[in-house]
Amino acid sequence: MSIKKKGTVTIVALALGILFYCAFYTGWARAASPPVPGISLNVGTSNNPQDVSQSLQILLMLTVLSLAPAILIMMTSFIRIIVVLSFLRSALATQQMPPNQVLVGLALFLTFFIMAPTFQQVNTVAVQPYLQGQVTQAEAFQRGMEPLRSFMFKQTRQEDLALFMSLSNLPKPNSYVDIPTYVVIPAFAISELKTAFEIGFILFVPFLIIDMVVASTLMSMGMMMLPPMMISLPFKLLLFIMVDGWALVVKSLVLSFH
């Protein structure tokens, strides 16, 4: 066989090998790769009223989930706790210590601790009966709101309720049952803010006294250029540590809801 024929046979064999390898490898790769699910979205008319009802239920559930942060903030003890903790940080003059993430996390866990009996009652009277099919969705919602309304009524001042009742032009109620929820929520919010500001004022007093003593001492010594806040900060921290400040503040916050 001549050299030219040997070269031709070699090229043909190499080409067949490449084609065989490509075909085998491609088939093996397709067989080994997992199937990719297809997703389709169809929008059309429906003759079954149950389909429309399920769609409305899903829409209502998504709406409630989007409002969950507002519900957690405005209808629980979160308002009072986070405002008091912010006042405490300002009174200590520690600027960003503790950080905002720490304060919000502490406020959330204290909220869950304080609201645990209320949430358990909601689960008992509303969530579990609804999951078991014993009550309808509207009835479960009404049952679930009663423990939250009871909690808010206990923490809301009569003056704040009267304010929003007058602003809404509603007749004088005979009992708490006659007061709608959209009136209770803002009244509860401003009551919580007032209580939080009162606690914050009490927290400011001892630290303000330390600032005044340090400022007077520096002025009497003629040290006018030295910032009093820089000198008073260690004394504030020392006082807060000596009285076990965090435990005292947390205990006072929890007991304020009982």
**So Q132, is it closer than 26 Å to M229 by Cβ and surrounded by fewer than 14 Cβ atoms within 10 Å (Cβ to Cβ)** = no
**Prompt:** Given the conditions (1) at pLDDT 80 or above; (2) open to solvent by 50 Å² or more (accessible area, probe 1.4 Å); (3) polar (S, T, N, Q), and given that S86 satisfies all but one, which numbered condition is not satisfied?
**Reply:** (2)
**Fill in**
Sole miss for G133 among (1) farther than 21 Å from M74 by Cβ; (2) outside any loop (DSSP other than H, G, I, E, B) is condition (2)
**Item:** Segments classed as helices (runs of 4 or more DSSP H), wholly inside the range 157-258, with at least 3 members that are at pLDDT 85 or above and of a type in the set (D, E, K, R)
**Value:** 181-220
**Request:** Read through the list (1) at positive phi; (2) more than 35 Å from the chain's Cα centre (by Cα), then give the number of the only condition that D244 fails.
**Result:** (2)
**Request:** Could you run through the range 156-196 and say how many residues are among the polar types (S, T, N, Q) and surrounded by 16 or more Cβ atoms within 10 Å (Cβ to Cβ)?
**Result:** 3
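The values are calculated or read from the model by the stated rules, or taken from the named source; none is laboratory data. These numbers were taken from a predicted model, which means no experiment stands behind them. All Cβ positions, even for glycine, are placed from backbone atoms using ideal geometry, and neighbour counts span all protein chains on display. Just so you know, the surface numbers come from the protein's heavy atoms only, side chains and all, with ligands and any DNA or RNA stripped out. Shrake-Rupley method; radii C 1.70, N 1.55, O 1.52, S 1.80 Å.
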